[in-house]
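The values are calculated or read from the model by the stated rules, or taken from the named source; none is laboratory data. Model, not experiment: these values are computed from the prediction. Neighbour counts are summed over all protein chains in view; Cβ atoms, including those assigned to glycine, are modelled from backbone coordinates with ideal geometry. Remember, those area values only see protein heavy atoms, side chains included, never the ligands or the DNA or RNA. Shrake-Rupley method; radii C 1.70, N 1.55, O 1.52, S 1.80 Å.
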Amino acid sequence: MYYFTAAFFNSKLRCVANLTILKQINRVDNLISLRSVSTQKRTCPLLSVQPVRGLLDEKFQIAVTNLPPNQKVTLHSLHQSDDKDFWEAFGHYVSDEHGSVTGFKDESLGGTYDGTEPMGLLWSMRPIPGSRHGLRIRKRDIFRPMEVRISVYNGHLSQGFSHQAPLATSVTERWYVAPGVKRVNIREKEIRGTLFLPPGSGPYPGVLDLWGVGGDFVEYRSALLASHGFASMALEYLTPEDLSLEDTDASYFEKAYQILNNHPMVKKDHLAVLGLSLGSAITLSMASYSKVIKPQCCVCISGSHLMPVEKSLSELFELMKSHADKLCVNEDNQVILRNLILSLPCQSAKVDVGRIKCPLLLVNGDDDQTLPAVESAEDMAMMMEKAGNRHLLEILMYPDAGHLIEPPYSPHFRATNYKLEWTKEKIVMLWGGQTKPHAYAQEDAWKKILAFLWQHLSAPVSTVTSF
């Protein structure tokens with residue numbers, strides 16, 4: 001059964017569209033109920049999605065049985081995000097001689113994905129026709145699952161799903177947090193963040209989790225890390241109350257690191273720092289210069305050493321603002337940021353990664369249109385070779401992947417709405433990447449990030465508590 005809040009009806013146009021979808025869902029449920037008591041001789045198709053509940057990074061298996069042999073069908077997924085927008089994906093299949101379709105071994109012949117892609121119904125999701133432009137899925141309430149409605153339709157459909165009755169349907173729950181994971185608010189002095197603790201008595205190896213710019217405070221990656229055995233603290237460093245960007249300097253991150261390191265449920269001096277985008281720039285700066293932050297390893301996703309955080313974040317943003325004329329805009333009016341970063345006069349002030357003394361994993365896509373990740377990785381490798389610490393560096397470079405390398409099976413966002421931090425201007429940011437190779441990058445990188453953390457934090461291979 002589905003429940004929708006009052007926020008669902010934000011505008012008259014969206015109200016009409018979403019009410020139509022809700023009516024269609026109710027109508028479909030009624031038709032399915034009628035089918036189940038049908039007196040017809042033929043057997044109704046059956047749809048199985050296993051597991052019904054699982055972590056976001058856990059694969060599911062879809063199987064359709066009791067179809068006629070060689071029947072064309074469409075598998076379709078539908079999800080309503082926390083922002084109340086609907087997302088969908090679909091694949092075209094043909095049943096085998098036994099009247100079955102199995103997602104993990106059969107090929108999709110078309111749709112939003114093709115080939116043998118068991119998780120294509122998740123990573124190829126896109127807003128339904130008529131949705132607002134520039135959307136992005138960001139999980140806000142991690143203690144509520146991402147509900148995905150999987151349906152099978154007769155024939156090869158590409159539109160009008162809400163006007164058709166499916167042959168069968170099922171709902172699967174995708175969770176960012178495993179049973180037993182605890183969420184702890186961190187409000188110590190001016191430090192703001194959220195600590196996620198795995199089930200059990202601890203202590204656990206710790207991860208300081210730094211997201212980038214361009215949205216609200218993000219917790220879901222830390223929740224997922226805690227589900228794999230790490231005490232992960234998502235640090236709020238761009239929008240904390242009673243703290244200006246002028247105050248967000250090296251000391252802020254050092255205090256956060258100390259809070260995590262001294263927590264009774266955290267294994268002391270067994271910490272990593274993980275950053276994405278601006279979070280990676282901060283990670284590189286802290287690992288290179290801080291006398292307080294001494295991690296056992298660092299992971300930098302889509303980052304650059306050309307954005308040193310020497311004093312405060314406001315200083316960095318002012319520098320970027322002064323070079324705003326270097327921003328490029330493509331034919332779709334999408335902003336390309338990478339050229340601005342390359343134009344910054346910081347060749348002499350770029351982060352001296354030759355000072356890093358812990359293992360460092362760089363995770364980049366070679367179609368990153370936001371930061372010059374490829375050029376930065378190559379230059380960092382040369383700097384570390386010259387300094388004698390190249391053996392500490394591991395680089396993962398993914399062809400045709402973009403900037404937003406998120407946890408596996410997350411939909412790919414090539415360009416989305418964005419607010420420039422230094423001007424507060426609303427734009428459409430081009431992140432880059434192609435959907436299928438980007439999805440591969442997210443799945444492969446996540447496995448290797450977890451393995452990297454386990455290796456260098458002396459953490460055991462995680463055992464996720466069953467749902």
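Would you list the strands (runs of 3 or more DSSP E) that sit entirely within segment 383-467 and hold 2 or more residues that are within 25 Å of residue 228 (Cα to Cα), hydrophobic (A, V, I, L, M, F, W, C) and open to solvent by 10 Å² or more (accessible area, probe 1.4 Å)?
Output list reads 393-398.
The condition (being over 19 Å from residue 417 (Cβ atoms), in contact (Cβ under 8 Å) with a residue 12 or more places away in the chain and more than 26 Å from the chain's Cα centre (by Cα)) is satisfied by just one residue among 95, 77: 95. Cβ-Cβ distances below 6 Å connect the following pairs, each with a first residue in segment 116-137 that is in contact (Cβ under 8 Å) with a residue 24 or more places away in the chain, a second residue that is in a loop (DSSP other than H, G, I, E, B) and polar (S, T, N, Q), and a separation of six or more residues or different chains: 124/112; 137/81.
On the stretch given as segment 175-209, residues that are over 23 Å from residue 146 (Cα atoms) and either within 17 Å of the chain's Cα centre (by Cα) or of a type in the set (A, V, I, L, M) (or both) total 4.
Applying the condition of being closer than 21 Å to residue 353 by Cα and part of a helix (DSSP H, G or I) to segment 307-318 and asking which residue is most open to solvent (accessible area, probe 1.4 Å) yields 315. Selection of segment 91-121 for residues being open to solvent by less than 40 Å² (accessible area, probe 1.4 Å), β-branched (Val, Ile, Thr) and in a loop (DSSP other than H, G, I, E, B) yields only 112. Looking at residue 154, is it open to solvent by 50 Å² or more (accessible area, probe 1.4 Å) and under 20 Å from residue 72 (Cβ atoms)? Spelling it out, residue 154 is indeed open to solvent by 50 Å² or more (accessible area, probe 1.4 Å) and under 20 Å from residue 72 (Cβ atoms). Of the residues 423, 370, the single one that is among the β-branched types (Val, Ile, Thr) and either touching a Pro at 6+ places or on another chain (Cβ under 7 Å) or closer than 30 Å to residue 111 by Cβ (or both) is 370.
Per-residue answers, yes or no, for (1) within 25 Å of the chain's Cα centre (by Cα); (2) open to solvent by less than 30 Å² (accessible area, probe 1.4 Å); (3) over 29 Å from residue 443 (Cα atoms):
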{"position": "333", "(1), (2), (3)": "yes, no, yes"}
{"position": "343", "(1), (2), (3)": "no, no, yes"}
{"position": "352", "(1), (2), (3)": "no, no, yes"}
{"position": "371", "(1), (2), (3)": "yes, yes, no"}
{"position": "380", "(1), (2), (3)": "no, yes, no"}
